[in-house]
Amino acid sequence: MTTTDLHNPADGSHLATIALLDAEAVDDAVDRARTAQRAWARLAPVARGEGLRAFATVVRAHVEELAALEVANSGHPVGQARWEAGHVADVLTYYAAAPERLFGRQIPVAGGLDMTFAEPIGVVGVITPWNFPMTIASWGFAPALAAGNAVLLKPAEWTPLTTIRLGELAAEAGLPDGLLQVLPGKGSVVGERMVTHPGVGKVVFTGSTETGARVMAAAAPTVTNVTLELGGKSANVVFADSDLERAAATAPYGVFDNAGQDCCARSRILVEESAYERFMELLEPAVAGVRVGDPADDATEMGPLVSRPHWEKVASYVPDDAPVAFRGAAPDGPGNWFPPTVLTPSSRTDRAVVEEIFGPVVTVQRFRDEADAIALANATAYGLSGSIWTRDLSRALRVARAVEAGNLSVNSHSSVRYATPFGGFKQSGIGRELGPDAPFAFTETKNVFVHVDEDPAPEESA
Ligand code: ADP
């Protein structure tokens, strides 16, 4: 049997050895999932809702345990990891109401009655990345289960521990055997088999744009439906009329949260020329103030990078001659530590400006006016999120409408709320997760027309 060794990113110590499944295990899982799904879909909607509420309750009771696992496996600061585990319970609770709200429509037509049904797709594959293992998994499995599907869930190779535990908690909560199966394995083996298996009707993939494009191509021969949540290179646009103190104080957290390993990271700060010097003066102490250290410490705001190979990739964007404006602190010693880093490249096509770094590295650029700000913000293949700082409401709305991205916030860096839709424009993805409509992304619309005989004696009934 193939195995993989997991290491604690904060100190490099050995954490666990995990068995990796093979393609045949996926085939067996699809068969079991199909059987479980048929029974699940036949349940009364209220019973499916109760199942999800029970799952939420069990997750809520294990927040501390799940958070500690994520600290050890992913190096997330414990406060953040607690939020992530609680968010899984919130997402389950939110979608527990969905089975009773999977409304169809009645459409006026001639000659009868026309109605639509939101039918479950069947077996859904959810493939998750290593940056937010728990939360991203729940964005897939909660609405998919609510809509009457079974779910096969493949965690990323580096960070499977909390996902494996969530699978156990689902069973403990009484979800039917086979309905939610966690399948740890390699992307090229388990992931690929999930995408190409004819019994899997939909795949939700979150990860890099490169792998997402491969998943989309692999899904084509079986015409498998995909939702893709991919990379980002989001802009934080700071106008001179904004509250510059707040814009500068919050900018580090808009990009360095989760050590920058966040597809929504505002990794390009764009500042109006007339405010640039002042903004940089304010940004420097804000960056120095980010508390980087032991993820198990409650006061820590930023932990280590997830793995050594990823550290190497991030470090490649900060060579010795990099245009470093200033850097924050990071611990010495073992662990994948990388300090918050601010770069000021002179070229708008610098590699650090164009490519997704997925680490605590941000570039700062100047813009001339509103049109230049919009052009710069859109000068990327990605389109996931972004922030706009201004006190001018009309400008905030004009710029928000002009930026080609799925999730924008004005005078804040908020991207993800379970009640609102999340997803990307351009090469940041296809489809949306979360929000009230997410369960419908796991259904097929069925239209049924019922012929109604004409009234044989219309005069009498008139
Ligand atoms: P990263 O998030 O490190 O950029 P990827 O985008 O490659 O990595 O991986 C995201 C998820 O996709 C992981 O669970 C990974 O195992 C999986 N994966 C990788 N390659 C494939 C593939 N060819 N088919 C399906 N899933 C894959």
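The values are calculated or read from the model by the stated rules, or taken from the named source; none is laboratory data. Keep in mind it's a predicted model, so treat the numbers as computed, not measured. Cβ placement follows ideal geometry from the backbone for every residue including glycine, while neighbour counts extend to all protein chains displayed. When the accessible area is computed, the model is the full protein with side chains, heavy atoms only, and any ligands, DNA or RNA have been set aside. Shrake-Rupley method; radii C 1.70, N 1.55, O 1.52, S 1.80 Å.
Does Ala44 satisfy the condition of being among the aliphatic types (A, V, I, L, M), modelled with pLDDT of 95 or more and within 17 Å of Asp177 (Cβ to Cβ)?
Working: among the aliphatic types (A, V, I, L, M): yes; modelled with pLDDT of 95 or more: yes; within 17 Å of Asp177 (Cβ to Cβ): no.
No; evaluated as a whole, the condition is false for this residue.
Go through Asp332, Asp298 for me and flag whichever is under 27 Å from the mean Cα position of the chain (by Cα), under 30 Å from Glu64 (Cβ atoms) and of a type in the set (Asp, Glu).
Numbers: Asp332 fails: under 27 Å from the mean Cα position of the chain (by Cα).
Asp298 is the lone residue from the list that is under 27 Å from the mean Cα position of the chain (by Cα), under 30 Å from Glu64 (Cβ atoms) and of a type in the set (Asp, Glu).
Within region 263-282, count every residue that is under 25 Å from His76 (Cα atoms) and touching a helix residue (DSSP H, G or I) at 6+ places or on another chain (Cβ under 8 Å). Break it down into steps so the answer makes sense when it comes.
Restricting attention to region 263-282, the residues satisfying the condition of being under 25 Å from His76 (Cα atoms) are 263-269.
So of that shortlist, the ones also touching a helix residue (DSSP H, G or I) at 6+ places or on another chain (Cβ under 8 Å) come out as 263, 265-269.
Residues flagged as under 25 Å from His76 (Cα atoms) and touching a helix residue (DSSP H, G or I) at 6+ places or on another chain (Cβ under 8 Å) within region 263-282 amount to 6.
For the condition surrounded by fewer than 22 Cβ atoms within 10 Å (Cβ to Cβ) and at pLDDT below 95, what is the one hit in Thr35, Thr17, Thr93, Thr2? Write out each step before concluding.
On the way: Thr35 fails: at pLDDT below 95; Thr17 fails: at pLDDT below 95; Thr93 fails: at pLDDT below 95.
Of Thr35, Thr17, Thr93, Thr2, the one residue that is surrounded by fewer than 22 Cβ atoms within 10 Å (Cβ to Cβ) and at pLDDT below 95 is Thr2.
One residue is enough: does region 293-304 have a residue meeting the conditions open to solvent by 20 Å² or more (accessible area, probe 1.4 Å) and either at pLDDT below 95 or touching a strand residue (DSSP E or B) at 6+ places or on another chain (Cβ under 6 Å) (or both)?
Taking every residue of region 293-304 in turn, none turns out to be open to solvent by 20 Å² or more (accessible area, probe 1.4 Å) and either at pLDDT below 95 or touching a strand residue (DSSP E or B) at 6+ places or on another chain (Cβ under 6 Å) (or both).
Could you list all residues from region 356-377 that are open to solvent by 30 Å² or more (accessible area, probe 1.4 Å) and over 21 Å from the mean Cα position of the chain (by Cα)?
Here is the first cut: in region 356-377, the residues open to solvent by 30 Å² or more (accessible area, probe 1.4 Å) are 356, 358, 366, 368-371, 374-375.
Within region 356-377, Arg366, Arg368, Asp369, Glu370, Ala371, Ile374, Ala375 qualify.
Would you point out the residue of region 164-187, among those that are in contact (Cβ under 8 Å) with a residue 12 or more places away in the chain, more than 9 Å from the ligand (Cβ to nearest atom) and in a helix (DSSP H, G or I), that is most open to solvent (accessible area, probe 1.4 Å)? Steps first, answer last, please.
Step one: filter region 164-187 for residues in contact (Cβ under 8 Å) with a residue 12 or more places away in the chain, giving 164-167, 169-170, 172-187.
Filter once more, so that each one left must be more than 9 Å from the ligand (Cβ to nearest atom): 164-167, 169-170, 172-184.
Still in the running and in a helix (DSSP H, G or I): 164-167, 169-170, 172.
Working: Ile164: 46, Arg165: 46, Leu166: 2, Gly167: 17, Leu169: 0, Ala170: 3, Glu172: 112 Å².
Ranking the candidates gives Glu172 first.
Looking at region 206-218, I want the residues that are touching a residue at least 24 places away in the same chain (Cβ under 8 Å) and have a partner that is more than 7 Å from the ligand (Cβ to nearest atom) and not in a loop (DSSP other than H, G, I, E, B) with Cβ atoms under 6 Å, at least 6 apart or on another chain. Which pairs are those?
Matching pairs, first to second residue: Thr206/Ile136; Thr206/Glu229; Thr209/Gln427; Gly212/Leu228; Met216/Val226; Ala218/Thr196.
Is there a residue being within 10 Å of the ligand (Cβ to nearest atom), out of contact with any Ser or Thr (no Cβ under 7 Å at 6 or more places or on another chain), outside the structural domain of Arg308 (by TED's automatic domain parsing) and not in a loop (DSSP other than H, G, I, E, B) anywhere in region 134-142?
no
Tally time: how many residues in region 16-28 are small (Gly, Ala, Ser) and either within 14 Å of Val195 (Cβ to Cβ) or touching a Lys or Arg at 6+ places or on another chain (Cβ under 6 Å) (or both)? First the steps, then the outcome.
Start the filter on region 16-28 by keeping residues that are small (Gly, Ala, Ser), which leaves 16, 19, 23, 25.
Filter once more, so that each one left must be either within 14 Å of Val195 (Cβ to Cβ) or touching a Lys or Arg at 6+ places or on another chain (Cβ under 6 Å) (or both): 23.
Of the residues in region 16-28, 1 are small (Gly, Ala, Ser) and either within 14 Å of Val195 (Cβ to Cβ) or touching a Lys or Arg at 6+ places or on another chain (Cβ under 6 Å) (or both).
Report yes if some residue within region 71-78 is open to solvent by 30 Å² or more (accessible area, probe 1.4 Å) and not in a loop (DSSP other than H, G, I, E, B); otherwise report no.
Keep residues of region 71-78 that are open to solvent by 30 Å² or more (accessible area, probe 1.4 Å), which gives none.
No: region 71-78 contains no residue that is open to solvent by 30 Å² or more (accessible area, probe 1.4 Å) and not in a loop (DSSP other than H, G, I, E, B).
Go through region 96-155 and count every residue that is among the hydroxyl-bearing types (Ser, Thr, Tyr) and open to solvent by 20 Å² or more (accessible area, probe 1.4 Å).
Number of matching residues: 1.
So if I check each of Val195, Val238, Val190, Val204, which one is open to solvent by less than 10 Å² (accessible area, probe 1.4 Å), within 16 Å of the ligand (Cβ to nearest atom), of a type in the set (A, V, I, L, M) and under 30 Å from Ile388 (Cα atoms)?
Numbers: Val195 fails: under 30 Å from Ile388 (Cα atoms); Val238 fails: within 16 Å of the ligand (Cβ to nearest atom); Val190 fails: under 30 Å from Ile388 (Cα atoms).
Going through Val195, Val238, Val190, Val204 in turn, the sole match is Val204.
Considering every residue within region 445-452, establish whether at least one is farther than 29 Å from Ala240 by Cα and either assigned to a loop (DSSP other than H, G, I, E, B) or open to solvent by less than 30 Å² (accessible area, probe 1.4 Å) (or both). Break it down into steps so the answer makes sense when it comes.
Taking region 445-452 first, the residues farther than 29 Å from Ala240 by Cα are 445-452.
When the remaining residues are screened for being either assigned to a loop (DSSP other than H, G, I, E, B) or open to solvent by less than 30 Å² (accessible area, probe 1.4 Å) (or both), the result is 452.
Within region 445-452, one or more residues are farther than 29 Å from Ala240 by Cα and either assigned to a loop (DSSP other than H, G, I, E, B) or open to solvent by less than 30 Å² (accessible area, probe 1.4 Å) (or both).
Do you know which residues across region 214-235 are of a type in the set (Gly, Ala, Ser), near the ligand (Cβ under 10 Å from one of its atoms) and surrounded by fewer than 20 Cβ atoms within 10 Å (Cβ to Cβ)? Let's see the steps before the verdict.
Of region 214-235, the ones of a type in the set (Gly, Ala, Ser) are 217-220, 231-232, 234-235.
Checking the rest, the ones that are also near the ligand (Cβ under 10 Å from one of its atoms) come to 217-219, 231.
Ala217, Ala218, listed by residue number.
Has region 43-51 got at least one residue that is of a type outside the set (A, V, I, L, M, F, W, C), surrounded by 15 or more Cβ atoms within 10 Å (Cβ to Cβ) and more than 27 Å from His87 (Cα to Cα)?
No: zero hits.
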